[in-house]
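Note sheet for the following structure.
The values are calculated or read from the model by the stated rules, or taken from the named source; none is laboratory data. The structure displayed is predicted, hence computed values, not measured ones. Positions of Cβ are backbone-derived with ideal geometry, glycine not excepted, and every protein chain shown enters the neighbour counts.
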Amino acid sequence: MPPKTDITPRERAEFLCDTAGSILSIRIRGEIDHHTASSIRKGIDATLFEKRPKKLLLDLSAVSFMDSSGLGLIMGRFSVMKELGGEMTVWNPSPETRSILNLAGMERMVHIEYPKGSAPAEARPAAGMRPGEGQAKPRKRKKPATAQRSASAYNAAAAQNAAGRKEKEA
C-alpha cells in the first residue's frame, strides 16, 4: 500500500502514513501551529480509527516548528491510542521540538525515543549507567513556613501573639 499524504491548506505541514503490521508510523513535516494542527489531527484520527493499530509511532524528526498546538496534537493522539487499547511513541523529535517537549515535561507522560546514539545529552545516561540511573530527580517543593508547623505549635504561637497584644493594650 503506498503511503498516504495529506497537505494542509496553507501547505506549511504535511504528514505521511505507513503501516507495518500492527504499527502505524506517521511522519509529520513542516510547522505544527494552530493553523496546521487541526487538519493534521483530523487526518491522523481518521487513519487511527480506520486502521486501529496497536502502536502509533509519531515521527517528529522533520518538524521545523511546534507550539502548544503541537503539544495538544501529541496528547490528543496519546488519549486516542489509550482509548483504542494501544500505545504511542514520539520518535526522534527535531531539535526545534525538543525544547518545547522538555519544557512541557512530555517525557513524563509520553514515551519519547531517539535513534541509537543520537539522543540529546539530557536524554542519554552517563557512560556505564543504565537508562534512568543517575538522572536528577525532581525536587519536592517546600511547604510555606505556616504549613510546616503542626497545629499545636501554630495554636501556641497564636496564643502567644494574642497575649502580647493584650499587654500592649493595657
Quiz item: Any residue at all in the stretch 101-116 that is within 22 Å of Leu57 (Cβ to Cβ), modelled with pLDDT under 90 and surrounded by fewer than 10 Cβ atoms within 10 Å (Cβ to Cβ)?
Solution: yes
Exercise. Identify, by number, the condition in (1) on the phi > 0 side of the Ramachandran plot; (2) at pLDDT 95 or above that Lys54 doesn't meet.
Key: (1)
Practice problem: List the number of the failed condition for Thr36; all other conditions in (1) closer than 23 Å to Arg108 by Cα; (2) surrounded by 20 or more Cβ atoms within 10 Å (Cβ to Cβ); (3) touching a helix residue (DSSP H, G or I) at 6+ places or on another chain (Cβ under 9 Å) hold. | Solution: (1)
Quiz item: If we keep just the residues of the stretch 3-16 that are surrounded by fewer than 20 Cβ atoms within 10 Å (Cβ to Cβ) and either hydrophobic (A, V, I, L, M, F, W, C) or within 24 Å of Glu83 (Cβ to Cβ) (or both), which is modelled with the lowest pLDDT?
Solution: Ile7
Quiz item: All but one of (1) part of a strand (DSSP E or B); (2) out of contact with any Phe, Trp or Tyr (no Cβ under 8 Å at 6 or more places or on another chain); (3) more than 14 Å from Val90 (Cβ to Cβ) hold for Val63; which doesn't?
Solution: (3)
